[in-house]
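Data first, discussion second: the structure below is written as structure tokens.
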Amino acid sequence: MSPESTGTARSAMSDVTELNLKETELTLGLPGTNNITTSSKRAFSETTVFTPTSSSTSNPAPKAQAVGWPPVRASRKNAMRGCKYVKVAVDGAPYLRKVDLEKYESYDQLLTGLEAMFGSLTIRNHLGNGAEYMPTYEDKDGDWMLVGDVPWKMFVESCKRIRLLKSEASGLEIRRTELKLKEKTCGN
Amino acid sequence: MRVNQVEVPRDENGSSILDLARADIAESSTKTRNCAACPGSGSGSMEFQSPYPDQVLENVLENVLHFLTARRDRNAASLVCKSWYRAEALTRSELFIGNCYAVSPRRATSRFTRVRSVAIKGKPRFADFDLMPINWGALFSPWVAAMAKAYPWLEKVYLKRMTVTDEDLVLLSESFPCFKELVLVCCDGFGTSGLAAVAGRCRQLRVLDLVESEVDDDDVEWLSYFPESQTHLESLVFDCLQFAVNFDALEKLVARSPSLKKLRLNGSVTTPQLYRLITQAPQLTHLGTGSFGALEAVAAGDQEPDYASAFAACKSLVCLSGFREIFPDYLPAIYPVCTSLTSLNFSYANINAEHLKSVICLCHKLQTLWVLDSICDEGLQAVAATCKDLRELRVFPENPNEDVEGPVSEVGLQAISEGCNKLQSILYFCQRMTNAAVVAMSKNCPDLVVFRLCIIGRYRPDAVTGEPMDEGFGAIVMNCKKLTRLAVSGLLTDRAFSYIGKYGKLVRTLSVAFAGDTDMGLKYVLEGCHNLQKLEIRDSPFGNEALHSGLHHYYNMRFVWMSSCKLTRHACQEVARALPHLVVEVIRSQGERNDDSVEILYMYRSLDGPRSDAPQFVTIMQ
């Protein structure tokens, strides 16, 4: 059963929510990016937007937060409830990063998050959108699986690490086709 | 300093240290004479083959310098003259490398030839918070390879933020027959296979401490590899391991380690298992309890072990930690040891104020306390009321998100400042703070050496007045005359930095995030903080002009980290050209960037130039 069955509509919605949050996010970006100036007056007025609300109850989309803030080590965050950091490797790129799976609530959010983290990559979701990278993960048993195979919660529980493979890998093409067929027959 | 008059001591036989030094004469024959120290050397004729006085001096020095242990003293001694430099190099047994790229392994091992203990630090601290790719560097391999040849008598290795492989650990275990202590802090790259090699081959091992390190589970039961006979183990710390250990092997190991004093278990060790271990090792002084949780399988009416008695039997216990999945009903078990505790780490225990109070009211001798903010201001007030001897406090956030109501605030900080006047070090995460509370702490705790305040919401002003937090941090640098480490947060203008530059004369480490207005902020710091050695800045509007203003000081520093600031590659290149012994790394952490902007600047002095192991995403400016 796949949460992506609603496909593009859902991802578009989460994109919009992401976008809105990004607008209000406070960052001091790099020069050249379209970002805000930094007078203290501006910062002050923006903090009134930022006063803690009781929105800690339900927040469907992941709140856009700065990477590595607050400065609490992943091992400490992992030990507390609601945190699961796994390593992410990208084929052909020297980057090795960590991502917190608990920050996301669906595969779409995760893939969007990964794309944001790695900059100019596009990651294919398993329905096939022509993107260059195929997301795979190693599960508890040491097997490499396609991201999207199992229900989201199960994935979060069993995922040990993630690897983004270049889509030319033919073995995965076959896998992907299999999965599509399976979905069609099960009507998920 | 020249030594002209040397009073040569003689014993009752008339022999002097000159005679004793005669054995070294052959070695000294190739040395150039240091005429100023050699009386009557103007003649040039040498019927009497006395050793040169500087040779004598060197032997005397060596004997004296053996007693000099402080790094700073040794460094100073080595600068006196060549002879002192040589003597110091021969007698330094503890080698500390603050930045693994500041000097090559070859250079270090060539200068210091009789080292028994090595400490090496690698990655910059901000790497802990995922601000740069994991595979940046700081590899232990070249170091262990060099040391395997140069230091056969090596006994101790301490590494922080280094990447260590299993192969490195195997080489270590094979190369040093006297090896005694391995401490790995915030390290990664190795797994249980490497640990098994160390456990199995290092027969003299006394200390194996894994602290906040990432260890891979290779399915090797490393604890089973310790020799079957009695071990010399004094300290075994593995509370950071994320996977289960073989309890049977652990229990047998503890039983045959009579010298064991420190034992820190990971979360896989259950409370009944903990019971079995501490009843066999009541001599422990430091204990990490493992999960300290309740098993679901324990039904009501089942006979549970008498945990309190087990703890009561540990009469030497002074340091308690662990509590990874704490079942608060078990807390009374530790009451018997509370009165002797000097250190308590509850930072993984989400207990509330009531739970904490029941424990803390007994801890009169406590000097170090790490807690989660789940204890609330009320819990901190209880700490302030009892722990009059407190030196170090760390309050970690249970929920590290920005838009939540925090359970601790300026109230807790104020209370601590009023109750714990001997405080030296504080790390405090909170969602709201006031200048008044910070000012109060600056006045009530004059012994503060480390002040790290993290207001989690970025750019948060004073919660009561709405002002920036400038005055609070200003008071800290003004009033805390011993302050060497400072971390700032909240809404801060350039004014805060002017205070730091003006009053923070002893500050060695400064950590800045989301703060300041203009280049002036960083300029104040670089021009004013003469003792600054470690500077880490992220997401602050400091640019090229500010970077340039520190040129006079960068050689005195261990490193500078600036990420998401306003620097350009061109400016970084200018720094690299102005300071040839500075390695200037520009690091790209995501995607391709074709413009001139700099995502991460990490620069450090080095005797051996740019490193040869830099990955693709690192550009070394030249």
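Each value in this text was obtained by applying a stated rule to the coordinates, not by laboratory testing. As the structure is a computational prediction, the values presented were derived from the model and not from experiment. All Cβ positions, glycine included, derive from the backbone under ideal geometry; neighbour counts span all protein chains shown.
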Links that overshoot a 27 Å alpha carbon limit, given the list A:K140/B:K123; A:K166/B:K160; A:K140/B:K156; A:K77/B:K262 = A:K140/B:K123; A:K166/B:K160; A:K140/B:K156
Evaluate peptide B:402-408: per residue, the Cβ atoms of other protein chains within 10 Å of its Cβ; return the mean as an integer.
-> 4
If amide H atoms are built 1.01 Å from N in the plane of the peptide, which residues on other chains or at least 5 residues away come under 5 Å of the amide H of A:T136?
-> A:V147, A:R163, A:L164, A:L165
In peptide B:152-165, how many Cβ atoms from other protein chains are near each Cβ within 10 Å, on average?
-> 0
Take peptides B:452-461, B:144-153, B:99-108, B:192-201 and line them up by average Cβ neighbours within 10 Å, highest first, as a rough protection proxy.
-> B:452-461, B:192-201, B:99-108, B:144-153
Note on the range B:393-442: contact order normalised by length, alpha-carbon pairs under 8 Å, 6 or more apart, percent, works out to 54
In chain B, what percentage of the DSSP-assigned beta bridges are antiparallel, given to the nearest 5?
-> 20
Subtracting the Cα-Cα distance of B:E94 and B:Q242 from 0.36 nm times their residue separation yields 50.1 nm
Quick one: if the Förster radius is 56 Å, what FRET efficiency do B:R577 and B:K388 give, using the C-beta to C-beta distance and rounding to 0.05?
-> 0.50
In nm, spacing of pseudo-spin labels at B:K315 and B:Q616 (7 Å Cα→C-beta vector) = 6.4
With label points built 7 Å along Cα→Cβ from the Cα atoms of B:Y335 and B:R114, find their separation and express it in nm.
-> 5.7
Once both label points are put 7 Å beyond Cα along the C-beta direction, the B:E251-B:Q283 separation in nm becomes 2.1
List the lysines whose Cα lies under 23 Å from the Cα of B:K505, skipping any in the same chain that are fewer than 8 positions away.
-> B:K422, B:K443, B:K481, B:K482, B:K523, B:K534
When the chain is fully extended, how far beyond the present Cα-Cα distance does B:D217 get from B:A308, taking 0.36 nm per residue of separation?
-> 29.4 nm
Peptide B:452-460 - average C-beta neighbours from other chains (10 Å radius) = 5
If packing is taken as the mean number of other Cβ atoms within 10 Å per residue, what is the order of B:358-366, B:534-542, B:405-413, highest first?
-> B:534-542, B:405-413, B:358-366
